[in-house]
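To start, the structure itself, in structure tokens.
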Amino acid sequence: MKLHVTRDPRNLGELLTLDLKDVLYIENYERTVLLHTTSGRYYSLVPSLSTYEHHLKSYGFKRLDRTNLVNLREIESFDEQRSLVFFKNTQSAKDKFGTVSSRMMEVVRRFLKEKKK
């Protein structure tokens with residue numbers, strides 16, 4: 001699935017196309033929706049995280065807290081102490097991560113357990 005995005009929050013810059021499989025997570029950021037990939041950050045043309053949540057459930061995305069929607073298939077590890085998930089192919093000092101609410105911690109644990117099987 002392709003998504004249309006820009007690099008600026010007001011969506012006035014060049015229109016770019018992202019492949020959904022490259023998105024690590026999606027978050028609310030300063031009253032807009034911000035998509036994160038290993039190569040950068042992009043602003044969505046879709047107005048809300050709830051809209052994405054509705055449409056991307058079948059693609060493996062799950063809302064892990066009120067501010068972000070995570071591609072479960074891209075999770076590599078889970079730091080339960082800090083309630084953070086980390087993604088594949090992000091081995092730098094500035095690794096990307098998603099936050100996990102206390103209510104969703106068990107969902108992440110179960111998913112990772114199933115993934116290892």
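Each reported figure results from applying straightforward, stated rules to the coordinates on display, with no laboratory input. On a predicted model such as this, the values are computed, not experimentally measured, just so you know. When we count neighbours, we look across all protein chains shown, and the Cβ atoms used for this are built from the backbone with ideal geometry, even at glycine.
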(request) List the GluC sites (Glu not before Pro) within the stretch 1-34 that fall in a DSSP loop (any state other than H, G, I, E or B) and whose Cβ has at most 12 other Cβ atoms within 10 Å. (result) 14, 30
(message) What FRET efficiency comes out for residue 41 versus residue 101 if R0 is 25 angstrom and r is the Cβ-Cβ distance? Round to the nearest 0.05.
(response) 0.65
(message) If I take every Cα pair under 8 Å that is 6 or more residues apart in the chain, average their sequence separation and divide by the length, what percent do I get for the relative contact order?
(response) 17
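Which value, in debye to the nearest 20, gives the size of the charge dipole of the stretch 2-116 about its Cα centre, when Lys and Arg are +1 and Asp and Glu are -1 at the Cβ? Provide the component values of the computation, followed by the final result.
Working: 21 positive and 15 negative charges, 59 e Å.
Around 280 debye, computed over the stretch 2-116.
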(message) Test of understanding: in a Gaussian network model of the chain with alpha carbons linked when under 10 Å, which of 88, 62, 96 would top the mean-square fluctuation ranking?
(response) 88
(request) Could you calculate the FRET efficiency of residue 14 with residue 51 from 1/(1 + (r/R0)^6), where r is the beta carbon distance between them and R0 is 25 Å, rounded to 0.05? (result) 0.65
(request) Determine, for the chain, the count of lysine pairs separated by eight or more sequence positions (or lying on different chains) whose alpha-carbon distance falls under 19 Å. (result) 19
